[in-house]
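In what follows, a single structure is set out as structure tokens and then discussed.
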Amino acid sequence: MRPASPTSSTLATAMTSSRKLRAWVIASVALMAASAWAGLGEGQFSVSTDQVRMSARHSVARAQQYSVHELKMPDGSRVQQYVAGNGMVFAVRWDTLYKPDLSALLGASFPDYASAAQVAAKRGGIQRQFRHEGSDLVVQSSAHLHVFSGYAYRRAMLPPGVTAQSIGLG
């Protein structure tokens, strides 16, 4: 007796399950990426282990007063940390296909952001863009069709001679 061959509906179900699993894995990896980084205003820490675990490409671009650490995921999502010479993260930028974990990216600055976001939410309507310009913290974020992008920086932490505009923020 020969084993039964799979039907087209069985194959279609298996392919659909495979696609769902792949999407779940990519989303999970992407979500882990945001929390792999030091938060805004915090010290930098190694991402080598996270790079391997997430199958992400880590690159570093160095300028005279700072460096930019970028973690690029297989789906094209990326998170960048701007690190001053003293090892402190003074700015972050994200371009992702998932909603980033802003509490991880903004670190100790998150409560300031959350307060401003709550005030904006009370205005009602669909909020696709958000901008907060506090005395020190600046956050710009936008979302459109599952594409999330934005940046945040602390004015007081910008290295001497560096402006938000000079590094492409603002």
Of the listed peptides 90-101, 56-67, what is their order by residue-averaged count of other C-beta atoms within 10 Å, with the highest listed first?
90-101, 56-67
Hey, with R₀ at 30 Å, roughly what FRET efficiency would Ser103 and Gln64 work out to, going by the Cβ-Cβ distance, to 0.05?
0.40
Ranked by how many other beta carbons lie within 10 Å on average, peptides 145-153, 114-122 from highest
145-153, 114-122
Please compute the length gained on full extension between Ala143 and Ala120, using 0.36 nm multiplied by the number of residues separating them and subtracting their Cα-Cα distance.
6.8 nm
Would you mind computing, in nm to one decimal, how far apart the modelled labels at Asn86 and Ala156 are, each placed 7 Å from Cα along Cα→Cβ?
1.1 nm
Cα gyration tensor shape for the range 54-158, rounded if a/c is under 1.5, else prolate or oblate:
oblate
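Since every read-out is calculated from the coordinates, none of them should be taken as a lab result. In this text the structure is predicted, and so the values were computed from the model without any measurement. Cβ: placed from backbone, ideal geometry, glycine included. Neighbour counts: every protein chain shown.
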